[in-house]
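Single-structure report; data block below.
The values are calculated or read from the model by the stated rules, or taken from the named source; none is laboratory data. Note that the structure is predicted; figures quoted are calculated from it, not measured. Every residue, glycine among them, receives a Cβ derived from its backbone with ideal geometry; neighbour counts consider all protein chains shown. With ligands, DNA and RNA removed, areas are computed over all heavy atoms of the protein, side chains included. Shrake-Rupley method; radii C 1.70, N 1.55, O 1.52, S 1.80 Å.
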Amino acid sequence: MVRRFRGESHHKVDSKGRVSIPASFRRVLEAGDPNWTEGLSPEFVIVYGDHRRKYLECYTMEAIEEVDEKIAALPRGSMERRMLERLFSGLSEPAKVDETGRIVLSSKLRQKIGIEGEAFFIASGDTFQIWKPETYQEDELAKTEAWLDDLPDDIDPLIFLDGNRAE
C-alpha cells in the first residue's frame, strides 16, 4: 500500500531558502524513493508549473514516475504530450532532504510563489504542496470553505466517495 501525506504545518524559511519539512512527510518521501536506504537522503521532484500555479507541488519519485509514464503513453509529438512534458519535466526541479530534515528552495522557487520567511505545507494525497501562507489562506482555504458552505447542512462530504452528488 502506498503511503500518503497527511496534515499541514508552518515552517520558517531562512535567507538561503532552507526549510524543515514535516517529519511525517519525510517518511513518505523515503517510502516513495526506490533508491532510498537508511543513511541516504530521499529524493523527490518539485513541480512549480506555469504562471497560474501559486504553489509548489512535491512528488515522491514513485508518484512522478507514474505521471511520467502516463505522459509517455500519449502520442509522440502531440500537443498534449509536449505541454505536459513541459509542465511536469521542464517546469520542475529535483530535490532531496538533507541530513537535518531540510530542503532548499531555490530563489527561483521562492520568487515564483512569493515565499519569504515562512512556508505552509499541506498534504494532498500522494503529493504535498508548499504555499506562501497568506496565499493559501486567501485562495485555497476560501475555496474549501465556500464549497462546504454550499453543501446542505445534513450532507457529509464523504458521500462523494461513493460517486453520489449532494441534492
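Taking the conditions exactly as written (in contact (Cβ under 8 Å) with a residue 24 or more places away in the chain and exposed (fewer than 14 other Cβ atoms within 10 Å of the Cβ)), does Thr37 satisfy them or not?
Details: in contact (Cβ under 8 Å) with a residue 24 or more places away in the chain: no; exposed (fewer than 14 other Cβ atoms within 10 Å of the Cβ): yes.
Considered against the rule, which asks whether it is in contact (Cβ under 8 Å) with a residue 24 or more places away in the chain and exposed (fewer than 14 other Cβ atoms within 10 Å of the Cβ), Thr37 comes out as no.
Filtering the range 59-82 down to residues that are assigned to a helix (DSSP H, G or I) and touching a Ser or Thr at 6+ places or on another chain (Cβ under 9 Å), which residue is surrounded by the most Cβ atoms within 10 Å (Cβ to Cβ)? If you could, list the steps in order and put the result at the bottom.
At the first step, the residues of the range 59-82 found to be assigned to a helix (DSSP H, G or I) are 61-72, 79-82.
Those still in the list that are touching a Ser or Thr at 6+ places or on another chain (Cβ under 9 Å) too: 63-64, 68, 71.
Working: Ala63: 20, Ile64: 24, Asp68: 16, Ile71: 17.
Applying the filter and picking the extreme gives Ile64.
Just to check your reading of the model, which residue among Glu93, Glu85, Glu99 is open to solvent by 60 Å² or more (accessible area, probe 1.4 Å) and either modelled with pLDDT of 95 or more or under 18 Å from the mean Cα position of the chain (by Cα) (or both)?
On the way: Glu93 fails: open to solvent by 60 Å² or more (accessible area, probe 1.4 Å); Glu99 fails: either modelled with pLDDT of 95 or more or under 18 Å from the mean Cα position of the chain (by Cα) (or both).
Glu85 is the lone residue from the list that is open to solvent by 60 Å² or more (accessible area, probe 1.4 Å) and either modelled with pLDDT of 95 or more or under 18 Å from the mean Cα position of the chain (by Cα) (or both).
So which of Val97, Val67 ends up being among the hydrophobic types (A, V, I, L, M, F, W, C) and touching a Leu at 6+ places or on another chain (Cβ under 7 Å)?
On the way: Val67 fails: touching a Leu at 6+ places or on another chain (Cβ under 7 Å).
Exactly one of Val97, Val67 is among the hydrophobic types (A, V, I, L, M, F, W, C) and touching a Leu at 6+ places or on another chain (Cβ under 7 Å), namely Val97.
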